[in-house]
1. To the nearest 10 degrees, how steeply does helix 347-361 sit against the main Cα axis of the chain, on a 0 to 90 scale?
2. Within 14 Å, Cβ to Cβ, of Ile32, how many net charges do the neighbouring residues add up to if Lys/Arg are +1 and Asp/Glu are -1?
3. Please count, across the stretch 79-192, the pairs of lysine residues with Cα atoms under 22 Å apart that sit 8 or more places apart or on different chains.
4. How far is helix 259-272 tilted, in degrees, relative to the longest principal axis of the Cα atoms in the chain, given as a value from 0 to 90 rounded to the nearest 10?
5. Using the Cα centre as the reference, give the magnitude of the dipole from point charges on the C-beta atoms of the stretch 239-397 (Lys, Arg: +1; Asp, Glu: -1; all else neutral), rounded to the nearest 20 debye.
6. Per the Debye formula with a single identical scatterer at each Cα and no solvent contribution, what log10 I(q)/I(0) holds for the stretch 211-396 at q = 0.11 Å⁻¹?
7. State whether the stretch 178-317 is rounded, prolate or oblate according to the following rule on the C-alpha gyration tensor (a ≥ b ≥ c being the square roots of its eigenvalues): a/c under 1.5 gives rounded; otherwise a/b larger than b/c gives prolate, and the remaining case gives oblate.
8. Just from the alpha-carbon atoms, what are the Rg and Dmax of the chain in angstroms?
Amino acid sequence: MELKSIVLNKGKEKSLERKHPWLFSGAINRIISDTGEAPEIGELVEIVDYKNNFLALGYFSDGTIAVRIISFKQIDINQEFWDDKIQSAYKLREVLGLTDNTSTNMYRLMHAEGDGVPGLIIDFYNGTAVIQAHSIGIYNVLDSISKALQQVYRDSLKAIYNKSAESIAKHTTEEIENDYIYKNSDPNLVGLEYDNQFNLDWINGQKTGFFLDQRESRKLITNYSKNKKVLNTFCYSGGFSIYSLKAGAKEVHSVDSSQKAIDLTEENIKLNGFKNHKSFTSDTLDYLKENTIDYDLIILDPPAYAKNQKSKHNAIQGYKRLNLMALKQIKSGGVLFTFSCSQVINRKLFYDTIVAASIEAGRKIRVLHHLSQPADHPVNIYHPEGEYLKGLVLYVE
Ligand code: SAH
């Protein structure tokens, strides 16, 4: 079957020529199709410039991003294509030392645009691959992706779990359920990250089950934890708390508004055999307001406050308020780890927001580290929007 052709307005080919993986709907002049019908959501289409020169192949969608590009070459999208994509993602993780590592056996295998496949996230948890499709186009080819994973991992792949129900819900009226799409043997339910143990629960956990993107920042926290009193807010499954305790923290308090998250934290604390820890099910701002804070080390890792441009302004106010409270209250000589995972708040904007909070806090503050997402969450150099996680480590006198 001939692919439908999306013909661009003159001049609108530039961003695709620079290999940017999104085509915005405003760039489209017309659609050429055998049947005279518009492409369906998730349909593979080709994009051509106004002179009909081939530009790219991608999956059609009905949003502002009309096509997400999966190839800038005019090739067949078949099993071999998906084998290559998964192989190439795997190869990078091999280079990063993650695929055969006795102290860390969980990592992100496929990071959407960062690995050349918009809409596809695959996290690998000690033998189990957990897939999140974010577009119908990708959802429709999960069978090929599953085969490609089996091809790459062979016997070391225990299972593949499709966790796309939530991420795909807004694109379809179809009832979609999360489930295993491949099972070779029973999955391992404990994973290791820098020798710290974590219970794995991709079925009930948020996103694919664990926030792999904070691995390197969690490691960094160990440098600042010894003999310290630590507050880990937005703790989810307690990652930062576990690392701090392992590094000899005097006491760690974990805060999350979700009881489920606090339960996960408690289970992980137990799994690692730590004692000097307390959890609090609370909104972080309420916690900071209600408690006399005498912490030496505070972690602020909130969920994305801005999901789109519209909520950007409110998000900035939110980050400022949160950071101001922590900066006012942290002990003199204290260290603050602060993050933003909102894609629309760029690094400079986040930094400026923290400067504004610092000015208002009126304390002497120095920047120790600029943090970002780890290398298994790579940024495609032609898609700067892919840099989503920003962090700062501040020394507060
Ligand atoms: N730092 C964690 C990941 C944080 S994810 C890690 O290393 O794994 C964000 C967490 O913030 C989620 O667990 C969510 O339940 C929690 N959360 C969201 N809003 C909150 C609020 N207002 N106060 C406290 N926790 C909140």
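The values are calculated or read from the model by the stated rules, or taken from the named source; none is laboratory data. Only a predicted model underlies this, so the values are computations on that prediction, with no experimental measurement involved. Using ideal geometry, Cβ is built from the backbone for each residue, glycine included, and neighbour counts are taken over all protein chains shown. Just the protein is used for accessible areas: all its heavy atoms, side chains included, with ligands, DNA and RNA removed. Shrake-Rupley method; radii C 1.70, N 1.55, O 1.52, S 1.80 Å.
1. Its long axis makes an angle of about 20 degrees.
2. For residues surrounding Ile32, the net value is -3.
3. Going through the stretch 79-192 pair by pair, I get 11.
4. The answer is roughly 70 degrees.
5. 380 debye
6. Debye output, listed in q order: -0.45.
7. Here the stretch 178-317 falls in the oblate category.
8. Gyration radius and largest Cα-Cα distance of the chain: 22.6, 70 Å.
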